[in-house]
Amino acid sequence: MSTELTAIIKQDGDWWIGWVEEIPGANAQEKTKEELLISLREAASDLIELNRQEARATAEEAYEEVTL
């Protein structure tokens, strides 16, 4: 299964701003559209990794990871 994420982007004056629909808190602001897309990908990746770490810490020990 492959998950696709959706970015909502727009130009606001001299800046490009955007959000990742599926990941609250994944947002960015950059001078170019290309830089914005890179920043949004990095923000999404960082938040997914943070959520993974938090989930594992919450489970503490003797847990199983199962790919969906």
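The values are calculated or read from the model by the stated rules, or taken from the named source; none is laboratory data. Note that the structure is a prediction, hence the values are computed from the model and not measured. Every residue, glycine among them, receives a Cβ derived from its backbone with ideal geometry; neighbour counts consider all protein chains shown. Each accessible area value is taken on the protein alone, full model and side chains, heavy atoms only, with ligands, DNA and RNA left out. Shrake-Rupley method; radii C 1.70, N 1.55, O 1.52, S 1.80 Å.
Near the amide H of Ala26, under 5 Å away, which other amide H atoms are found, from residues 5 or more places off or on another chain, if H is placed in the peptide plane?
Val20
Averaged per residue, what accessible surface does the chain expose to a 1.4 Å probe, in Å²?
82
How large is the dipole of the chain about the Cα centre if only Lys and Arg carry +1 and Asp and Glu carry -1, each at its Cβ, rounded to the nearest 20 debye?
The calculated dipole for the chain is roughly 260 debye.
Give or take rounding to whole Å, what are the principal axis extents of the alpha carbon atoms in the chain, in descending order?
That gives 52, 24, 15 Å along the principal axes, largest extent first.
Heavy atoms only, probe 1.4 Å: what % of the accessible area of the chain goes to carbon and sulfur, would you let me know?
Result for the chain: 48 percent of the exposed heavy-atom area is carbon or sulfur.
How high is the relative contact order of the chain? Use alpha-carbon pairs under 8 Å, at least six apart in sequence, and give a whole percent.
After rounding, I find 21 percent.
Just to be sure I understand: with springs between alpha-carbon atoms less than 10 Å apart, which residue in Ala26, Ala57, Ala44 has the highest mean-square fluctuation in the Gaussian network model of the chain?
Ala57
Could you tell me which chymotrypsin sites (Phe, Trp or Tyr not before Pro) in the chain are loop residues by DSSP with no more than 12 other beta carbons within 10 angstrom of their beta carbon?
Passing sites in the chain are Tyr63.
Grab the DSSP H runs of the chain that are 4 residues or longer, score each as -39,500 (n - 2.57), total them, divide by all residues and round the 222 nm result to the nearest 500 deg cm²/dmol.
Rounded to the nearest 500, it is -14000 deg cm²/dmol.
Angle between the Cα long axis of helix 33-59 and the longest principal axis of the chain, 0 to 90 degrees, nearest 10?
The angle comes out at about 20 degrees.
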